[in-house]
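The values are calculated or read from the model by the stated rules, or taken from the named source; none is laboratory data. The model shown is predicted, which means the values in this text are computed figures rather than measured ones. Every residue, glycine among them, receives a Cβ derived from its backbone with ideal geometry; neighbour counts consider all protein chains shown. For the accessible areas, the whole protein counts, side chains as well, though only heavy atoms, and no ligand, DNA or RNA atoms are used. Shrake-Rupley method; radii C 1.70, N 1.55, O 1.52, S 1.80 Å.
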Amino acid sequence: MAKFNLKINGETHRLDVDPTTPMLWVLRDHLNLQGTKYGCGVAACGACTVHLNGYAVRSCQLPVSTVKDQEITTIEGLSANGDHPVQQAWLEHDVAQCGYCQAGQIMNAVSLLKLNPNPTDEDIESAMSGNICRCATYLRIKAAIKTAAPK
Amino acid sequence: MKNDTTTQSRRTFLKATALTGGGMILGIHWLSGATTTPAASGLDLVKDTYVFNGHIKITSDNIIQIMSQNPEFGQNVKTSLPMIVAEELDADWKNVIVEQAPFDLKLYTRQFAGGSQSVKTTWKALRTAGATARQMLREATAQFWNVPLEEVTTKAGVLYHSKSEKSVTYGEMAAKAAEIPVPKDVKLKEIKDFNIVRSPRKNVEGINIVTGKPLFGLDYRQKDMLIAMVERPPAFGLKLKSYDAKAVLKMPGIKKVFTIQVFPEKYERQIFDTRTFNELVVVVGKTTWEVMNARKKLKVEWQPITTSIECVHTFSSERDETIPAGLESTDNHYLKMVERSAQPATELRKDGDPETAFKNAAQIIERTYTAPFLAHNMMEPINCFALVTDTEAFFAAPLQAPEYAEKTLATRLGLPLEKIEIQMTRMGGGFGRRAYAHYMVEAALISQQAKAPIKLIYTREDDMTYGIYRPSYTATYRAALDADKNLIAFHVKGGGVPEHPIAADRFPASAVDHYLAEGWEIPSNITIGAFRAPRSNFNAAAEQSFLDELAAAMGKDPIEFRLQLLQRAKDNPVGKHDNYDPDRYAGVLKLVREKSGWGKPENAQKSRGVAAYFCHNSYAAHVIDLTMKDGEPVVENVYSAIDCGIVINLDAATNMVEGAVIDGIGNAMYGALTLKDGIPQQNNFNQYRMIRHHEAPKKVDVHFVQNDIDPTGLGEPPFPPVFAALANALYKATGKRFYTQPFSAELERRQGD
């Protein structure tokens, strides 16, 4: 066990935890932030995507000991009331079916738009190909990203 | 197919009772949005919640609470079922809040997600519930204003009396209306008057999904809850011999290690009691990561199973199922299927004299289609929360079939049904997998033994390698043509490991004079279960590919060929004909022909394939256009035509068809769970190929047949024909037919040739 000060969604959290614990399980089990989802544990599905210093990472492959003073943002911290343009675009296109993967999709999409504010279809497909949607809402995800892009 | 405009008999769930104390839940003062005041209406200001029936509560501050009775796994029933209630209630959708109903068979019927039947089977009951509450509101208002009932009208949650220009909200009348005796035989709306049903409405859970609220089973927590994982044999055909937990128990956070027996000896399985491994080693600890790590230190010895027979009850019968010993492999399954298909099979349907017709045929076309096991791979892995004591049991779980789960849990725990409480969480996908509640039994036994609230979690690897797969199937189709290339006989002989897929009365049965359908099965210890459109998902792939090849051999357009067969089935059906409606079947083909511009000169150069299918009471047809790029197909456009009767929520229904199309392309191209010596060869998404963003079609153009038929279901029907539309388009693009799934493996093999 080891003590960590973690900056998550703008707040500092102190916790005593096995240093090898992936951030995914720190968020879910220790901090009760359930929005970040477990899908595969091997960075092959994208359900656990969070932001590290503003950019998408797979939290299942991010040991808590490596985070140090870097800022983590989860879906709960993306906006106060779901009013981030990407979240709003998701609602406008009524993207979700089961909804389980969507937090990871949204976090990945926000990161994509930060790096590439005006992505082409190919850019979106390529940047989002690490995020599986088993209900296959891919076309709506793409449409929502295009809607959110200019905002 | 008529619409029901009368109500069903009076049911206990329509009994009106008033419940106090709930009116404040939203903290919205009722005056803020109301158009009439208590002074004007003469009502007391009582902020109570009034229960009209199991579906509807109305607060005095005019909030309409509608309970959604069925489990939600992405089919959007949490929005569409309340829309049906709200329609007949004539509520203002803006004032509706939806809650997940409890699992309670005294209040609801068929709380089941499966068979594409959530809307179909609740349609009448939900309409009746809404119409009954509306009638009670009108009666109470008529009495209150002292006017004739016929003169009290409603619109968007407000009651009107036009002669006296009075109006009052549902909320204001709720207290009085809930006291009205429940009326019988209420009149339902005319379909033409619908204004909520048939319009697009946003997912009521949308904001909670995009903000990451804890909606799913895996998100459920209770104080002092422990995490449990189970270790099971690494291969089908093995069972526990012994284990050593010394090292595990030394690991941080670990509380207990023990074994459980899922079912006792000689247990008679009910329909959804499939379980793959009966004895499991359980590791219980404080946190997920600790349990995951500790589990790796378990030392377990496994031993081969011996052949056994289990009694299994199905919906309609009971049978003995043989579970053979041995370590099975996909290669061996395929060899065995070839051998077995050459031997006699069970006759499932026979019309005319197919033997003679084939003997006299001028030409016989014979093709064999094969498909692997498929894993469901819901994004949310299997999990269940359980808190079991000596006297009662509570569960919170993502599950499709609570009614069956509850009975099994009660039997296994020796508790009465009323002592089992199941909270249905939102499911991160289901696709059939979560009908099989073995994981709830496991969680129950773990909680019982650990004497603690526990959450059982399957890792992705556990989830993918446990079994309950879509079976592996094969089918040989034969067609006999006369000298004029007329189809005179049709023969399908299908089998699988461990069940056959054949639905003998489906199209083209009744459309061909001489017809034979046969099935055979190879027993296996690989466990199988329902997977989005069970059996149909293979049959459509095979049959609709075969019809395409047959049409080509006959020199006919593939759509025209199918329409001719359907016309025959309509005008002069052969043998028993109660399975499909030729007009509705033809309807989706004609619609997709029109919308895709089929046969138009501008589309002549496109590599396009068509397929259609009927299953789960609805009809679907797709046209797929694709191009080849670097040896991989790129699906450009998909045109879909669906007849599922009345569409409740157009945008959500479109979303579901888009998803079914992409899911179909994904499974057809990449889906495969293979085995070697009993060991699944794929255990996570880095090995099991799922369709991803860049492999999805560029566009899916969804059209619904416009009719006033009561809803017939949508989750499954669009899925099966996708496989064949893709195979037929691939043929156009490559000049080769695709007989073996997954098609990407077939493409690779050919490129290697």
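Worth a mention:
- Positive-end extreme of charge dipole, the protein assembly as shown - chosen from A:100, B:473, A:139 (charges on Cβ): A:100
- Based on Cα contacts under 8 Å between residues 6+ apart, the range A:2-77 shows a relative contact order of 38 percent.
- Subset of A:151/B:455; B:78/B:732; B:120/B:570; B:120/B:606; A:114/B:732; B:94/B:189 violating a 32 Å alpha-carbon distance limit: A:151/B:455; B:78/B:732; B:120/B:606; A:114/B:732
- The range A:2-77: projected area of the alpha-carbon convex hull, averaged over directions, in nm²: 4.2 nm²
- Each eigenvalue of the Cα gyration tensor of the range B:194-239, multiplied by 5 and square-rooted, gives one semi-axis; in descending order these are 40, 20, 9 Å.
- Two-decimal ratio, the protein assembly as shown, of alpha-carbon radius of gyration to 2.2 N^0.38 Å: 0.97
- Here the protein assembly as shown exposes an accessible surface that is 49 percent carbon and sulfur, computed with a 1.4 Å probe and the other protein chains kept in place.
- For residue B:425, distant residues with modelled amide H under 5 Å away: B:397, B:399
- Rolling a 1.4 Å probe over the protein heavy atoms leaves residue B:748 with an accessible area of roughly 120 Å².
- The coefficient of translational diffusion for chain A, derived via Stokes-Einstein from the alpha carbon Kirkwood radius under 25 °C and 0.890 mPa s, stands at 158 µm²/s.
- Our summary gives chain A a relative contact order of 24 percent, counting only alpha carbon pairs under 8 angstrom and 6 or more residues apart.
- Per residue of peptide B:377-384, the mean number of Cβ atoms on other chains within 10 Å of the residue Cβ is 5.
- Legend: mean number of C-beta atoms from other chains within 10 angstrom of residue C-beta atoms, peptide B:655-664, equals 5.
- Here r is the Cβ-Cβ distance between residue A:70 and residue A:1 and R0 is 22 Å; the resulting FRET efficiency, rounded to 0.05, is 0.55.
- Partner shielding of B:66-75 amounts to 2, given as the average count of beta-carbon atoms from other chains within 10 Å of each residue beta-carbon.
- Residues with amide H under 5 Å from that of residue B:529, placed H, sequence gap 5 or more: B:469, B:470
- 10 Å binning of all Cα-Cα separations within the range B:537-654, expressed as whole percents from 0 upward: 12, 40, 35, 11, 1
- Computed magnitude of the charge dipole of the protein assembly as shown (debye, nearest 20; Cβ of K, R +1, Cβ of D, E -1): 1120 debye
- Reduction of at least 50 Å² in accessible surface, 1.4 Å probe, comparing all protein chains with the chain by itself, residues of the range A:93-109: A:94, A:97, A:98, A:100
- Eligible lysines near residue B:187 by straight Cα distance, threshold 19 Å, same-chain separation 8 or greater: B:2, B:15, B:124, B:155
- Derived scalar couplings ³J(HN,Hα) [the range B:721-735; Karplus, 6.51 cos²θ - 1.76 cosθ + 1.60; whole Hz; x for Gly, Pro]: x, 4, 3, 6, 4, 5, 4, 6, 6, 4, 4, 5, 7, 10, x
- Inter-centroid distance (Cα atoms) of the range A:76-127 relative to the range B:163-182, Å: 44 Å
- Within straight-line cross-link reach of residue B:286, aspartates and glutamates at Cα separation under 14 Å, skipping those fewer than 8 residues along the same chain: A:16, A:18, A:29, B:224
- Beta bridge orientation in the protein assembly as shown: antiparallel %, DSSP, nearest 5: 75 percent
- If you take the Cα centroid of the range A:39-73 and the Cα centroid of the range B:81-112, the two points sit 39 Å apart.
- The relative contact order of chain B, computed from alpha carbon pairs under 8 Å that lie at least 6 residues apart in sequence, is 13 percent.
- Length released on extending from residue B:603 to residue B:239, taking residue separation times 0.36 nm less the Cα-Cα span: 125.3 nm
- Fully extending the segment from residue B:104 to residue B:423, taken as 0.36 nm per residue of separation minus the present Cα-Cα distance, adds 113.8 nm.
- Compactness of the range A:85-148 was expressed as the Cα radius of gyration divided by 2.2 N^0.38 Å, which yields 0.96.
- In this structure, residue B:342 and residue B:146 have a Cβ-Cβ separation that, at R0 = 60 Å, corresponds to a calculated FRET efficiency of about 0.15.
- Solvent-accessible area of residue B:419 with every protein chain in place, 1.4 Å probe, in Å² to the nearest 10: 90 Å²
- Zero-based 5 Å bins, Cα pair distances in the range B:307-381, whole percents: 3, 8, 10, 14, 18, 18, 12, 9, 6, 2, 1, 0
- Potential lengthening between residue B:320 and residue B:698 on full extension [0.36 nm per residue; Cα-Cα distance subtracted]: 131.3 nm
- Dipole of chain B, positive direction: furthest Cα of B:196, B:207, B:129, with charges on the beta-carbon: B:207
- The residues A:114, B:223, A:7, sorted by heavy-atom accessible surface at 1.4 Å with ligands and nucleic acids left out, run B:223, A:114, A:7 from largest to smallest.
- If you plug the beta carbon distance of residue A:20 and residue B:578 into 1/(1 + (r/R0)^6) with R0 = 35 Å, you get a FRET efficiency near 0.05.
- Along the axis of the charge dipole computed for the range A:2-77 (Cβ charges of +1 for Lys and Arg, -1 for Asp and Glu, origin at the Cα centre), the listed residues A:50, A:17, A:4 are led at the positive end by A:50.
- Over the C-alpha atoms of chain B, the Rg to Rh ratio, Rh being the Kirkwood estimate, stands at 1.00.
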